[in-house]
Structure formats: structure tokens, C-alpha cells
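Worksheet: the structure to be examined is printed underneath.
The values are calculated or read from the model by the stated rules, or taken from the named source; none is laboratory data. Owing to the predicted nature of the structure, the values given are computational and were not obtained by experimental measurement. Because the Cβ atoms are built from the backbone with ideal geometry, glycine has one as well, and the counts that use them run over all protein chains shown. Areas reflect the complete protein model, heavy atoms only, side chains present, ligands, DNA and RNA absent. Shrake-Rupley method; radii C 1.70, N 1.55, O 1.52, S 1.80 Å.
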Amino acid sequence: MTTGTTTDTAPAHAGAVSSPQTDQVFAAIDIGASSGRVMLGSVSPATGVSLETIHRFPNGVIELDGGLRWDFDALFAEVLKGLTAAAATARGNGERIVSIGIDTWAVDYGLVNKAGELTAQPYSYRDERSRAAVERVHAAVSPEKLYAATGLQYLQFNTLYQLAAEPNLEGLQALLIPDLIAFLLTGERRTEATNASTTGLFDAVAGEWATEFLDALGLPRNVFPPLIQPGETVGTLLPEILDRTGLPADTKVVAVGSHDTASAVAAVPAADRDFAYISSGTWSLVGVELPGPVLSETSRKANFTNERGVDGTIRYLRNVGGLWLLSECQRAWAAEGHTQALTALLDSAAALPAGGPRINADDPSFTAPDNMPDRIRAAVRNTGAVLPDRPAAVVRCIMDSLAAGYARTLADAERLTGRSTSVVHIVGGGSQNRLLCQLTADATGKAVIAGPVEATAQGNVLVQARAAGLVKGNLAELRELVAAGTELERYEPAGALQSSRS
């Protein structure tokens, strides 16, 4: 196995890894809204979680059948290609793949009939079809009542609005994207709980489906398969999957935090409980970890969400715009023939003076693709300011706006929970963005600890390893393994871009 940048420090509780067997590895299928990968992971006291990327592939929405959809057939073909390569790599290294874990983005689903066939390519949350269903849903169940039970942040693309837009669900089941992949691998239909909590049809206190809302909206009670918790076994691989991939016959698919943010937060290398986190990627998920949900009307009006985490924790957070803004701008500039390396763009943006224009980075107007630089400049004009037509100025506007959004969200989280935080952990792709990390430290007035980049895959592997008995302990002990095997970077609030190794 190859590893990322690591320190030489062993975990404080080395007993969190029980008699490690170096031949045991775990396959992590980790798919985001713009790309996916299949990775192999192992766990040891000396290096923490080690990851090897086996196969990367693109992902994105396509226009098909009158809407924005995911090319799921192509996506699943890439998953099988990655598992085939993983099986060959493990054999070549004398390793044994114990299990497979799957995490993806939330909310979206595929409809499967009684014969197990996918009826159509799944809609993307970026499609506008659910907008028309919002008023109809709220006429049947008020937003106040929905939040008091589910604790879910209002977003027009939440699963319940998408389902309400379906013309006919008779004889069909909705399988969230990671559950759909697991079904095609094993033949078993389950809904993993952390992702179920993003549907708007999951009771945040009881941890079960909110059947009264299914009834009120005229949705079949069995529209989703039964729930399964992270660490439980979904099933073993179907014979045709074994033949296709060459994986061992006893390879399991194990439920992990299948909402990618749940896996990422499980791998936040926090030393104590008073931490805030930002899972920074296409979207930014900004919040704190709690033992139970906050279901107050004040929390609803602040549009905070209560999503399940690993071990029954609550991810109390709010979606904030993310690096989608930057990637879409880069795509637009490339189409115009203007290509510049991201590092150079960020360096140019960092050289600009502070105090430039800002936008509301999580405004729904930025959800759809195309013409992102123009839309950002238009949003700035609506504030009465002017944004120069230079890529560096647009990038600096994005970074300043994201940092300001993070600061507002964290201040709201502290106010609504009555908890103060002393440090902000940024994990995911944004942890490599030094400008964003420093601006976040400046905007929040708190130290920022950046890393790991691969938090989602690490959380995925850790849950699998614990299910296999290789890892023992609670979330705090799992996080010690992450911290021990990751070189973290610390940013103090300051006016200059400076950091120190942690």
C-alpha cells in the first residue's frame, strides 16, 4: 500500500488497532458530484489509515429525457472497472480484500421495479423538476411540522420534494445512490441511515422512517428499503459480480457512512469535543457534532440540518456554497481558451487586497452549471459593487465569500446549540486551498486545522475495519488513528497567509 503524507507519531491509544493483519485491505468506493474513485485502504498503529487510489473516473450530470440526470450505467461500469483493478492489485500484493464500502453525495436516488431493474437514469438534484413540488408538499405537511420531526434543512432538491414530483411510484422503490450501487453488487435492498437522514422522511429522534409523512404525501410506505446502520453487512457479492471482478467469494459489502459527509466527519482528526468542521468540496458542509438533534423553531428558521453521523451522532450543519463555484469558473474560462493552473490563480487572488466584493455563495442561483463567472459578476452588481473582469478577482471574490459564509454559519451553530468551539477542522479538497484556509481563520477568529484531504475515504475504511474486528473503539479512538497518520497544517487568524505544521 502507498500512503499519503504522514507523521511518525503513533496513536495515543494504540489498542484501537487489534492485532493488525497486514494482508487485510478494504475497498472504498467514493463518488462525488464531479468525480469518483475506487481506493484500497489498510489500517495500522504506525501509519494510521493508508490509502491507495486504484481507479479514478469522471462524474457529472447529462441532459437526458428532458432533464438533468446522472449517467448511472456509465458510473456503475466505472465502479466495476475499479473493483476489478482493486482485486488484481490486492492479489499482486498478497493482500485480501475483506469488504467494500460505498459513499456518495446525498439526496438523489434511482427507481427500481420489482424485477430489480432501474427504470431510468436517476435525476440529479440540480434538475429543476422538484421546485414545482415544494408548494404541494408544504400544503400537505407544514415546514414547521416537517422540521420538528426530521430536523432537515430546507433545500428544494431534498428527496421528499423529488419523490413528490414523480408521476407514478406504484411497484417501485427508491434506492439512494450508494444503496443502488450496493443493490447491484449484492442483490440486497437496504437504506443506510446517515443517507436516509437527508431525505426529509426520516425521524431525527426515533431514527426510523417518518411514516406519517409518507402517508400524508401519498407515498408508499415501502418506497424505501429497510434501514441499515454503518458497520452492518449489506450482503455478499453476486456470482456475476464475482465473475466480472475476480474478487474473493466471501467479499462483503459493508454499510459505512454512505453520505460522504458522514464518512468525512468520522475521520475529522479532532483531539477534543469542542471542534467545528467544514467538509469542503463541491459543497461546503459546515457545522458541529452533537449527541442529539436540535429541533427548535429558531433552528428551522436558521435553516440548519440535523443529519445522522456514524455511531448515532448528529451532524448539525448548514450547506454553504462550495468549490463548485471555482470549478465551474475554471470550466468556463477553459472553454474561452484561457487556462491557468489553479495554484497560479489562487496565488494571484491572494495578492489582491482584502475588503473586495462578496456574494452569498449558497444562493440557489449558483446551483445550475454554466456561465458561472457572469453569474458571479451579476450577483456582485446586485450588491451595488463592481467585480473586475479578471479571473484572479473572481477567484478572490469566491474565496472571501466562502470564508464569510463559513464564519456566519459557525457563529449561528454556536448560538443555536449553546456550545462554543475553539478550532475549525477543514477536511476534503478545500483543506489543500491555503488561501481559503487562511481566510477562514481570519473570518472566524479561530485556529483552522487542515486535513486530511481524503477524509471521506478514510472514514469509509475505518468503519469497514471496525466491522471486521481489526479496529476497536469509539469515534474518538478512530480519529486518533487519522491524526496519527496525517500531516496536518494549522492556520492562525492573521492578516498574512501563514501556517504551521501540526
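Out of everything in the range 341-397 that is buried (at least 18 other Cβ atoms within 10 Å of the Cβ) and β-branched (Val, Ile, Thr), what residue ends up being farthest from the chain's Cα centre (by Cα)?
380
As an exercise: evaluate residue 231 against (1) assigned to a loop (DSSP other than H, G, I, E, B); (2) open to solvent by less than 40 Å² (accessible area, probe 1.4 Å); (3) on the phi < 0 side of the Ramachandran plot and give the number of the one condition it does not meet.
Answer for residue 231: the failing condition is (3).
Looking at the range 102-123, can you tell me whether even one residue there is touching a residue at least 24 places away in the same chain (Cβ under 8 Å), in contact with an Asp or Glu (Cβ under 6 Å, 6 or more places away or on another chain) and charged (D, E, K, R)?
Yes.
Among the candidates 253, 286, single out the residue that is part of a strand (DSSP E or B) and either at pLDDT below 95 or within 23 Å of residue 175 (Cα to Cα) (or both). Working first, answer last.
Numbers: 286 fails: either at pLDDT below 95 or within 23 Å of residue 175 (Cα to Cα) (or both).
Checking each option against the conditions leaves just 253.
Within the range 30-50, which residues are under 18 Å from the mean Cα position of the chain (by Cα) and either open to solvent by 10 Å² or more (accessible area, probe 1.4 Å) or of a type in the set (Gly, Ala, Ser) (or both)? Give the steps one after another, and end with the answer.
Initial filter on the range 30-50 (under 18 Å from the mean Cα position of the chain (by Cα)): 30-39.
Passing the criteria: 30, 32, 33, 34, 35, 36, 37.
Looking at 141, 79, can you tell me which residue is surrounded by 21 or more Cβ atoms within 10 Å (Cβ to Cβ) and touching a residue at least 40 places away in the same chain (Cβ under 8 Å)? First the steps, then the outcome.
On the way: 141 fails: surrounded by 21 or more Cβ atoms within 10 Å (Cβ to Cβ).
After ruling out the rest, the residue left standing is 79.
Going by the structure shown, is residue 184 of a type outside the set (Asp, Glu), over 13 Å from residue 160 (Cβ atoms), at pLDDT 95 or above and open to solvent by 50 Å² or more (accessible area, probe 1.4 Å)? Please lay out each step first, then the result.
On the way: of a type outside the set (Asp, Glu): yes; over 13 Å from residue 160 (Cβ atoms): yes; at pLDDT 95 or above: yes; open to solvent by 50 Å² or more (accessible area, probe 1.4 Å): yes.
Criteria met by residue 184.
So residue 103 ticks every box in (1) assigned to a helix (DSSP H, G or I); (2) open to solvent by less than 40 Å² (accessible area, probe 1.4 Å); (3) among the charged types (D, E, K, R) but one. Which box is left unticked?
It fails just one condition, (1).
Tally time: how many residues in the range 144-165 are modelled with pLDDT of 95 or more, in contact with a Phe, Trp or Tyr (Cβ under 9 Å, 6 or more places away or on another chain) and open to solvent by 30 Å² or more (accessible area, probe 1.4 Å)?
Residues that pass the stated criteria total 2.
Kindly provide the set of residues from the range 457-475 that are within 20 Å of the chain's Cα centre (by Cα) and more than 12 Å from residue 24 (Cα to Cα), ordered by number.
Within the range 457-475, 457, 458, 459, 460, 462, 463, 475 qualify.
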